[in-house]
Amino acid sequence: MRGDWRGRTYGQNCKAAGRDRGQVFFTCIPDYEGQQRASSPPKAVFVNTSGMQFNTIHANDFHFYEELDAVVQAEPANAFDPELVGLFASIGIKKGAPFAPDARMRAILVDAVAVGNATARAILFASRDSRTKIYPDRQWFTAFVGGSSEFADKAERLLDARVLFHYYATGITPAMAAAKPGTGSAYAVAARDSSGKYLDGGKTYKITLPGPVPAKQFWSFTVYDGQTRSMLETDQKSAGIDSNQQGIKANADGSIAVWFGPKAPAGQERNWVQTMRGKGWNTLIRLYGPLEPCFDKSWKPGDFELVD
């Protein structure tokens, strides 16, 4: 995307992957032409979203195209790459023109969005690309195949790698894709237990982080709904755990066991993350300020072990 969007949105005070107990604001900043901005600068709009529910995931049905058309109509004509604009136009989405597919085209688009959604989900959760595997003997995988925020490998654009990341997440920066020891953050995704079965919200799992965890700042787990890829809504209202939280217990050898399940095991309430029956889930571990053992892989997290 180019940098001349008409509207931009920023999140503030989202510390520790959204689990900070403070308020969360989204800032909507209009972006007008320079001369107009100079004569009458627009005011930023602050929307307090704390305690509110809102959907940030695109539709998986025909409405997806209507969402796309709304963006094309709202943004300047040069907001997107010409080749991308050409793809939009090929299915009837053009700036300044109504999006009104006939019955034939509508049927094609309904099938296309279903196939596209299923394909992206398979690429994410059942990738055939061996480069997604972080460790040969673990279920953890990376969403940054190629180590490039542009998903480029010399002259090759890694198309499936780009689909994998952006179906799972939204924004990306160069620093996210290329962390360095002591700075930035390192990420790993798990959607299966140690036996290769997908994680089930009605079951209890235990995972062990060997000590010391190589994070100069802190580590965290965030739990996501397998369908929406958004934070899992639970009664616990935290969608995860991080090492800044009070009362997390370490084992005698310095390792840390974290439990995931619908109910906390007795005595493990502080080391527990709630999941929901009837919902598949996955998790992202983040190391903030990752240290060398993370990069040379002399340290690696355990797999999720099924308890019951």
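Mean residue ellipticity at 222 nm from the helices of the chain, using -39,500 (n - 2.57) per DSSP H segment of n ≥ 4 over the full residue count, to the nearest 500 deg cm²/dmol?
Values: 8 runs with 72 residues, N = 308.
Here the helix-only value at 222 nm equals -6500 deg cm²/dmol.
To the nearest 20 Debye, how big is the dipole of the chain about its Cα centre, given +1 on the beta carbon of each Lys and Arg and -1 on that of each Asp and Glu?
Around 500 debye, computed over the chain.
Given charges of +1 on the Cβ of Lys and Arg and -1 on the Cβ of Asp and Glu, with all other atoms neutral, how large is the dipole of the stretch 220-308 about its Cα centre, in debye to the nearest 20?
Result for the stretch 220-308 is approximately 200 debye, rounded to the nearest 20.
What do the square roots of 5 times the Cα gyration tensor eigenvalues come to for the stretch 131-273, in whole Å, largest first, as semi-axes of the equivalent ellipsoid? Could you put the intermediate results ahead of the total?
Numbers: eigenvalues 162, 67, 42 Å².
Over the Cα atoms of the stretch 131-273, the semi-axes work out to 28, 18, 14 Å.
Kindly rank 276-288, 76-88 from highest to lowest mean number of other beta carbons found within 10 Å of each residue.
276-288, 76-88
Going highest first, how would you order 238-249, 152-163 by mean Cβ packing within 10 Å?
Ranked by mean Cβ neighbours within 10 Å, highest first: 238-249, 152-163.
Give me the tail of P(r) for the chain as a percent: Cα-Cα pairs with distance above 36 Å.
Result: 26 percent of Cα pairs exceed 36 Å.
Over the Cα atoms of the stretch 179-245, Rg to Rh with Kirkwood Rh, two decimal places?
Working: Rg = 13.7 Å, Rh = 14.0 Å.
Radius of gyration over Kirkwood radius for the stretch 179-245 works out to 0.97.
Which three lengths, in whole Å and largest first, does the stretch 198-306 cover when its Cα atoms are put on their principal axes?
Principal-axis extents of the Cα atoms in the stretch 198-306, largest first: 38, 30, 23 Å.
Alpha carbon centre of the stretch 229-271 versus the stretch 65-95: separation in Å?
If we compute the Cα centre of each part, the gap is 44 Å.
Pop out the carbon and sulfur fraction of the accessible area of the stretch 218-269 as a percent, whole number, probe 1.4 Å.
For the stretch 218-269, the apolar C and S fraction of the accessible surface comes to 49 percent.
The values are calculated or read from the model by the stated rules, or taken from the named source; none is laboratory data. This is a predicted model, so every value here is computed, not measured. So basically every Cβ, Gly included, is an ideal-geometry build from the backbone, and we count neighbours across all protein chains shown. We work out accessible area using only protein heavy atoms, side chains counted, and drop any ligands, DNA or RNA first. Shrake-Rupley method; radii C 1.70, N 1.55, O 1.52, S 1.80 Å.
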